[in-house]
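Engineer: Input: one structure, supplied below.
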Number of protein chains: 2
Amino acid sequence: MVLSRTSQYAVQALIYIATQAPGEPVLNRDIADRLNVPAAYLAKILQSLCKHGLLDSFRGRLGGFCLRDGMQKTSLMQVLLLTEGPDFTKSCILGLKECTDETACPMHFKWKPVKNKIIAMMNDMHLEDLAKAVQTGKYRLADLPAAAMPVA
Amino acid sequence: MVLSRTSQYAVQALIYIATQAPGEPVLNRDIADRLNVPAAYLAKILQSLCKHGLLDSFRGRLGGFCLRDGMQKTSLMQVLLLTEGPDFTKSCILGLKECTDETACPMHFKWKPVKNKIIAMMNDMHLEDLAKAVQTGKYRLADLPAAAMPVA
DNA sequence: TTCCTTAAAGAGGTTTTTGTCCGAATTATA
DNA sequence: TATAATTCGGACAAAAACCTCTTTAAGGAA
């Protein structure tokens, strides 16, 4: 309804990494297993997050990914601007290229405050806090694995 | 950010049709021109809206599409449930299949009220009202045509 | 009846998103 | 040094979303 799958994977992975001991690289495979997400695809996403400075990566034995120093405070908005693109906050719900208070689509003034709530929410949530929430055990980052089915 | 292009085209077209004289079929071509949207694609969308009972269609001369009787009161939510699918209102922002108050993702309780605002908004807006808003001339359904560029 | 106009239907094409695979580079350790 | 473990980079593949084309059927008008 709001985020691409790529964004969802990125956010899940970042939160998961933020729950792990800082400075201890986390394996792509472990993240993928934990989130139940395609590993090769996730690797691409993590690489991209590295290029954008959110993560550090280490090759070879004991390699993996960890949050770049200071990036625990990253807001979801910062992440989404990378994964959804810089126009993430600018979109008209009807798809008009130009939709401002002056030249508005008929939904503009109803949509605007809601959109602003979304933006405020994304600005308000930080990896750190989300990671802590997960660490309490009250919240889940991924669906539970399906129960093993008996073989007919 | 929220709606597929197909949904955007559908909503735009429905509002446009609602601005036209009831009972007077509107040509697919006219709608497409007016909204600056691919005509053949729009035709598919309108056909689907017919099958779902929002529109009536007429073939041959003086043919076209018009709102089915009574459908001026259709809410955007009704439209979006058709174009985005029945899970439109159920989605977890992180993509979890199950994300409820009991088994929640770490964003759940922040996202929930915002999602409910979106749902309320979509339930609140009806074709009729949006059409009237457009008829005042204060709101636009499509981008203005690009100004003709001088040739070099 | 014949012609023109229109939507219907279905096949197919393109683009974007999502996902896979493989070889190369890098690193710790035995 | 050799080996195993890991990310990197690029090419490729599959699926979904978006869009086009062609033919057919239907309806109104000359």
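Engineer: Can you compute the charge dipole magnitude of the protein assembly as shown about its Cα centre, using +1 on each Lys and Arg Cβ and -1 on each Asp and Glu Cβ, nothing else charged? Give it in debye, rounded to the nearest 20.
Structural biologist: Details: 36 positive and 28 negative charges, 56 e Å.
The dipole of the protein assembly as shown has a size of about 280 debye.
Engineer: Over the protein assembly as shown, what is the percentage of antiparallel beta bridges among all DSSP beta bridges, to the nearest 5?
Structural biologist: Antiparallel bridges make up about 85 percent of those DSSP assigns within the protein assembly as shown.
Engineer: Identify the trypsin sites (Lys or Arg not before Pro) of region A:62-152 meeting these criteria: DSSP loop state and at most 14 other C-beta atoms within 10 Å of the C-beta.
Structural biologist: Details: sites: A:ARG68, A:LYS73, A:LYS90, A:LYS97, A:LYS110, A:LYS115, A:LYS117, A:LYS132, A:LYS138, A:ARG140; in loops: A:ARG68, A:LYS90, A:LYS97, A:LYS138, A:ARG140.
Qualifying residues, ordered by number: A:LYS90, A:LYS97, A:LYS138.
Engineer: Test of understanding: extend the Cα→C-beta vector of B:ARG34 to 7 Å, then name every residue of region A:84-123 with backbone N under 15 Å from that spot.
Structural biologist: A:106
Engineer: If the label point is 7 Å along Cα→Cβ of A:GLN72, which residues in region A:1-26 have backbone nitrogen under 20 Å from it?
Structural biologist: Hits in region A:1-26 for A:GLN72 at 20 Å: A:11-26.
Engineer: Here is the link list: A:LYS44/A:LYS132; A:LYS138/B:LYS97; A:LYS112/B:LYS115; A:LYS132/B:LYS110. Which ones come out longer than 20 Å on Cα distance?
Structural biologist: Numbers: A:LYS44/A:LYS132 26 Å; A:LYS138/B:LYS97 17 Å; A:LYS112/B:LYS115 14 Å; A:LYS132/B:LYS110 15 Å.
Distance filter (> 20 Å) returns A:LYS44/A:LYS132.
Engineer: Here's something else I'd like to know. In chain A, if the dipole is taken from +1 on Lys/Arg beta carbons and -1 on Asp/Glu beta carbons about the Cα centre, which of A:PRO25, A:ALA43, A:THR83 is farthest to the positive end?
Structural biologist: A:ALA43
Engineer: Moving on. Taking only DSSP H segments of four or more residues, each worth -39500 (n - 2.57), what value at 222 nm results for chain B once the sum is divided by all its residues, to the nearest 500 deg cm²/dmol?
Structural biologist: Numbers: 6 runs with 70 residues, N = 152.
It comes out at -14000 deg cm²/dmol, rounded to the nearest 500.
Engineer: What ranking of B:HIS126, B:HIS52 emerges when the number of other C-beta atoms within 10 Å of each C-beta is taken as an exposure proxy, fewest first? If you can, show how the numbers build up before the last one.
Structural biologist: Values: B:HIS126 18, B:HIS52 14.
By the 10 Å Cβ count, ascending, the order reads B:HIS52, B:HIS126.
Engineer: Given axes a ≥ b ≥ c from the Cα gyration tensor, I'd like to know whether chain A is rounded (a/c under 1.5), prolate (a/b larger than b/c) or oblate.
Structural biologist: Prolate shape, in that a/c is at least 1.5 and a/b is the bigger ratio.
Engineer: To continue, here is another question. Using +1 on the beta carbon of Lys and Arg, -1 on that of Asp and Glu, and nothing else charged, what's the dipole of region A:46-149 about the Cα centre, debye to 20?
Structural biologist: Result for region A:46-149 is approximately 260 debye, rounded to the nearest 20.
Engineer: While we're on this one: Once a ≥ b ≥ c are taken as the square roots of the eigenvalues of the Cα gyration tensor of the protein assembly as shown, is the result rounded (a/c under 1.5), prolate (a/b larger than b/c) or oblate (a/b not larger than b/c)?
Structural biologist: Taking the square roots of the gyration eigenvalues as a ≥ b ≥ c, the protein assembly as shown is prolate.
Engineer: For region A:55-73 and region B:1-70, what is the separation of their Cα centres, given in Å?
Structural biologist: That distance is 52 Å.
Engineer: Continuing with this model, one more query. Is any residue of region B:68-112 close enough, with backbone N under 17 Å, to a label point placed 7 angstrom from the Cα of B:GLU128 along the Cα-Cβ axis, and if so, which?
Structural biologist: B:68-79
Throughout, read-outs are computed from the coordinates displayed, never taken from laboratory work. Computed from a predicted model, the values in this text were never measured in an experiment. Note that each Cβ is placed from the backbone with ideal geometry, even for glycine, and that neighbours are counted across all protein chains shown.
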